[in-house]
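Notes to accompany the following structure.
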Amino acid sequence: MNALLTSVVAGLTGGGAYGLLGVCAVFTYRLVAVVNFTAAAIGTTGTFVLVMLYEAGAPLWLAMACGLVAGTVAGIAIGLVMTAWFAESSASTKAAVTVALLVGIVAIGLRLTGGQHPHHFPDLFPGSAMRLAGVELTFSSLLTIGLGVVFTVLAETFLTRTRMGLHLRALSERPMAAELIGVPVRRLAVLVWGITGAVTTFSLMIIAPQRSPDFASLSLLVVPALAAALIGLFRSFWITLVGGIMIGVVEGTMSVFPGLSQYRGAVPFLIILAVLLWLQRGARWDEAR
Amino acid sequence: MKRASLRPVLAIVVAAVVAGAIITGLLPGYWTYLATAVLISAVALQGIGLVAGRTGMIALCQMSFAGVGAWTVGFLNVGGAPGGLAVWIVIGGLAAVPFGVAIGLPALRLRGINLAIVTLGFATAFDAILATITFPGQTRFISVARPAMFDGDGGYFVFALLFYVALAVALEFLARTRLGAIWLAVRHSERAAAAHGISIPRAKLSAFAISAFIAGISGGLLAGYLGTLVADNFSMMQSLVLFAVSTMTGAQFAEGALIGGILAVAFPEILRRLDLGQDIGNLLFAIGATQALSAGEAMSETLRRKVRGFRGARPAAPHPGVAIAPPAPPPRHQGVALATRELGVRYGTVVALHGVDLTVPEGAVVGLIGPNGAGKSTLIDAVAGFLHAYSGSVELGGRAVDGQPAHVRARNGVRRTWQTTRIAPELTVGDYLRLAGGDLPEEQVGAILSWIDCPHPDTPVASVDAGTRRLLDVAGVVAARPKVVLLDEPAAGQSYDETLKLGRRIAEIPNLFGCAVLLVEHDMDLVRAACSEITVLDFGRVIAAGPPAVVLEDPRVRKAYLGIEEGSAAA
């Protein structure tokens, strides 16, 4: 029983990161109308900047700061591509573009980081925060979940309570119309990309030490992130956060059973299928076409 | 099958024979070996081209389907199943189909993005599973047995070429059927396709299942090519790269798939010889795909456009005037074609329609007019089944259709046009008419087109001007001979003379095609020319109905249109 509980709690770090990544995906979708397949790759870029600097002997805090800046810049770079050439494209074209960009980022990333060459990922927040019913709760898990909650609250408030949030929602619906009524569309979109870049980078930095440490595998963490966003229907931040944590917990639980643990990677897929089946209750039309 | 449509098929076969002879006869063995890899990639690309290029969906697990095919071939090989490699490969392709259906079924009824997410999820899951279960015979190094005839580099090249050509020819034929036109229509506009009675989920699912089959075949071919396989051959990254390549080259066409296959093999080979990392090739595919998406045109599409321009497009000369009269109408009954009862629609707090009762008798042309925002288009959306919810009821020929989705209503007898034309430009005029009207005989297609002054059936829609496309819209809905057609501002963008002519044509619709017409229009000359009755909407309510001469003189109607009382207008 205790072993089970331990694994469930161990799944919390991953779950928190999935939730945070999922909330970022929803944030991006609601504000700039892009389902972003490059999200985790952006975070991975920043994480590898941290790792390479750390390996070169830079102090951890400096490496981390540089990594966050790199992730933000990578996010902005993707954002510039999207706003410059695809602002008026359909949602599915935009998604296809991010898939193509993902292929490109991973190619560059693998090249620069030496492919499967092992790297040492520093544990940023080592140690246990507290013991609960005989189970260690790590700093990392508390931090990702806490950050997830903070980001969710901020995103929710920002979108519904502020004037800029209103502008951004207008922007995602009709960029051209928003621009015509004087919303600084480009600048706001790039801001969104920068913020999500920084936040995804942070969550990737925390989760990376637990994963297979190569560029491609980390970039594909976008799958559980999008699964979480799908649970929240790309609308609700809270349901997305909870959904992401749940995916992590299910993965953690599976790792207890010897016959099942190799199939952990299939969890997001099964959850996506379940959510889609549940959504079957009402067909809906693709966006205004 | 027309002679014209056999030409591309013949071109594929001749090109394959020539290329096959050159490659097996003249090139050294290693080149033949590489050329085989090109063909196998091209087969995989044909699969994804069908889903992504032709039907416009994002599918990111093609290599997983290929893995299913390869695994099946390995399994049959280790078990010593009868039939040999060719049969195993086909079985492998069939084995991938249930996976495609299982993934596609829940994803395809909803937003297109969901398919991208669920397929990427499947690719991850398949990676994890394949890494655990491994390929049959992988640990014991049992190689997949090739047929004796096709052993050796040259032999296996011919084997792969046969599969590629068979699939290319089959796809070329399929593209020319109604299903092929349906896929293009779905890619262009799902709503417009549903308005022609097409079931969108079924159209998407058929494309997805066939593409899974083709992917499975490519996996089986790869199994025979490499002999033993590892999970890495079918990893998720491979699926993503395949998507990028197919987007870049336009793999929905045989030549696009082949160009893609050549690039996918040549880039890594060149980079390897230059001692550069092979992953740089993927970067080029990413850039190429992004470029193609921003240009809205893949390599094969550009190529086809250039070749067409070079050959000189066929003149879009109008079909000779009164060549054939459209066939006699089906017997008409005196009754009601369409009726709405207490129809109400709300968008949030805005009431778009408020208890609208409207009747379109059989054989009548009823005009629906009203100022902008009166609710005319909303009424058409509600009747045709494109609104989530409305109150009241819609009856077609006396039968309520309220629970039915749009494509079922279309089949049950209501067809509509759109304010902006939504015809897929890749179709020809004749293709479109058959897509909208069902399998019409050649003479009927010609007759209907000449009746409304549309160009020759072989004219590509892309070369037809916007005004004529609107006429083609009208031709499409009447060709289906439904109980009632809903025309949403068909004269927008037409000149005055054309408008009057269109008015006469619309007035002829009940007699020629046996359909009643509900015409939404701002142009009063058109309304006067075509309609026997008029209903006027203002702010979602019916404010007048009756014969045109009476209704158009009604002071309330004049006020609704001009916004002022008549007395003060004179002042």
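Which is crowded, with 20+ Cβ neighbours inside 10 Å and within 14 Å of chain B (Cβ to nearest Cβ), of A:A70, A:A84, A:A41?
Selected residue: A:A41, the only one of A:A70, A:A84, A:A41 that is crowded, with 20+ Cβ neighbours inside 10 Å and within 14 Å of chain B (Cβ to nearest Cβ).
Can you name every residue in the stretch A:64-77 that is hydrophobic (A, V, I, L, M, F, W, C) and touching a helix residue (DSSP H, G or I) at 6+ places or on another chain (Cβ under 6 Å)?
The answer is A:M64, A:C66, A:L68, A:A70, A:A74, A:I76.
Checking B:I129 against (1) facing chain A (nearest Cβ under 7 Å); (2) in contact with a helix residue (DSSP H, G or I) (Cβ under 6 Å, 6 or more places away or on another chain), which test does it fail?
(2)
I want to confirm something. Restricting to the stretch B:273-290 and keeping residues that are buried (at least 16 other Cβ atoms within 10 Å of the Cβ) and more than 7 Å from every other protein chain (Cβ to nearest Cβ), which single residue is modelled with the highest pLDDT?
B:G288
Within the bounds of the stretch B:138-145, is there any residue that is within 14 Å of chain A (Cβ to nearest Cβ), among the hydroxyl-bearing types (S, T, Y) and either closer than 16 Å to A:I271 by Cα or in a loop (DSSP other than H, G, I, E, B) (or both)?
No, the conditions are met nowhere in the stretch B:138-145.
I'd like the full set of residues that are of a type in the set (V, I, T) and either more than 7 Å from chain A (Cβ to nearest Cβ) or in contact with a Leu (Cβ under 7 Å, 6 or more places away or on another chain) (or both), limited to the stretch B:99-126.
Listed by number, the residues that qualify are B:V101, B:I103, B:I117, B:V118, B:T119, B:T124.
Output the residues belonging to the stretch A:87-101 that are of a type in the set (G, A, S) and more than 7 Å from chain B (Cβ to nearest Cβ).
Within the stretch A:87-101, A:A87, A:S89, A:S90 meet the criteria.
Tell me, yes or no, whether the stretch B:75-87 has at least one residue that is buried (at least 24 other Cβ atoms within 10 Å of the Cβ), over 30 Å from B:S199 (Cα atoms), modelled with pLDDT of 90 or more and not polar (S, T, N, Q).
yes
Can you find a residue in the stretch B:549-561 that is touching a residue at least 40 places away in the same chain (Cβ under 8 Å) and surrounded by fewer than 18 Cβ atoms within 10 Å (Cβ to Cβ)?
yes
Need the failing condition index for A:L53 against (1) closer than 12 Å to A:T196 by Cα; (2) in a helix (DSSP H, G or I); (3) of a type outside the set (D, E, K, R), just the number.
Condition not satisfied by A:L53: (1).
Run down A:L191, A:L233 and say which single residue is part of a helix (DSSP H, G or I) and surrounded by fewer than 24 Cβ atoms within 10 Å (Cβ to Cβ).
Step by step, each of A:L191, A:L233 is checked, and only A:L191 is part of a helix (DSSP H, G or I) and surrounded by fewer than 24 Cβ atoms within 10 Å (Cβ to Cβ).
Mind checking which residues of the stretch B:18-63 are under 25 Å from B:G180 (Cα atoms) and not aliphatic (A, V, I, L, M)?
Selection gives B:S41, B:Q46, B:G47, B:G49, B:G53, B:R54, B:T55, B:G56, B:C61, B:Q62.
Are there any helices (runs of 4 or more DSSP H) wholly within the stretch B:147-228 with 3 or more residues that are over 17 Å from B:G49 (Cα atoms), and if so which?
B:152-176, B:190-195, B:200-226
Which of the following residues is touching a strand residue (DSSP E or B) at 6+ places or on another chain (Cβ under 9 Å), buried (at least 24 other Cβ atoms within 10 Å of the Cβ), assigned to a helix (DSSP H, G or I) and in contact (Cβ under 8 Å) with a residue 12 or more places away in the chain: A:T13, A:T47?
Only one candidate qualifies: A:T13.
Here is a list: B:L26, B:L39, B:L76, B:L60. Which entry is without any contact (Cβ under 8 Å) to a residue 24 or more places away in the chain and within 22 Å of B:D232 (Cα to Cα)?
It is B:L76.
Assess whether A:S141 counts as being buried (at least 18 other Cβ atoms within 10 Å of the Cβ), out of contact with any Pro (no Cβ under 8 Å at 6 or more places or on another chain) and away from every other protein chain (no Cβ under 11 Å).
Considered against the rule, which asks whether it is buried (at least 18 other Cβ atoms within 10 Å of the Cβ), out of contact with any Pro (no Cβ under 8 Å at 6 or more places or on another chain) and away from every other protein chain (no Cβ under 11 Å), A:S141 comes out as yes.
Can you report the number of residues in the stretch B:234-282 which are of a type in the set (F, W, Y) and assigned to a loop (DSSP other than H, G, I, E, B)?
Residues flagged as of a type in the set (F, W, Y) and assigned to a loop (DSSP other than H, G, I, E, B) within the stretch B:234-282 amount to 1.
So, of the residues in the stretch A:218-241 that are more than 20 Å from A:L124 (Cα to Cα) and among the hydroxyl-bearing types (S, T, Y), which turns out to be nearest to the other protein chains (Cβ to nearest Cβ)?
A:T240
Inspect all residues belonging to the stretch B:26-38 and state whether any of them is among the hydroxyl-bearing types (S, T, Y) and either modelled with pLDDT under 85 or under 19 Å from A:V275 (Cβ atoms) (or both).
Yes, some residue in the stretch B:26-38 is among the hydroxyl-bearing types (S, T, Y) and either modelled with pLDDT under 85 or under 19 Å from A:V275 (Cβ atoms) (or both).
From the set of residues in the stretch B:52-71 that are in a helix (DSSP H, G or I) and within 12 Å of chain A (Cβ to nearest Cβ), which is farthest from the chain's Cα centre (by Cα)?
In this case the residue turns out to be B:S64.
Scan the stretch A:243-262 and give yes if some residue there is part of a helix (DSSP H, G or I), under 30 Å from A:L112 (Cβ atoms), touching a helix residue (DSSP H, G or I) at 6+ places or on another chain (Cβ under 8 Å) and within 8 Å of chain B (Cβ to nearest Cβ), otherwise no.
no
Suppose we filter A:L260, A:L233, A:L226, A:L270 for residues that are more than 30 Å from B:F386 (Cβ to Cβ) and at pLDDT 85 or above; which single one remains?
Checking each option against the conditions leaves just A:L270.
Show me the strands (runs of 3 or more DSSP E) entirely contained within the stretch B:491-571 in which 3 or more residues are among the polar types (S, T, N, Q) and at pLDDT 85 or above.
none
The values are calculated or read from the model by the stated rules, or taken from the named source; none is laboratory data. These numbers come from a predicted model, not from an experiment. Heads up, the Cβs are rebuilt from the backbone with ideal geometry, glycines too, and the neighbour counts pull from every protein chain shown.
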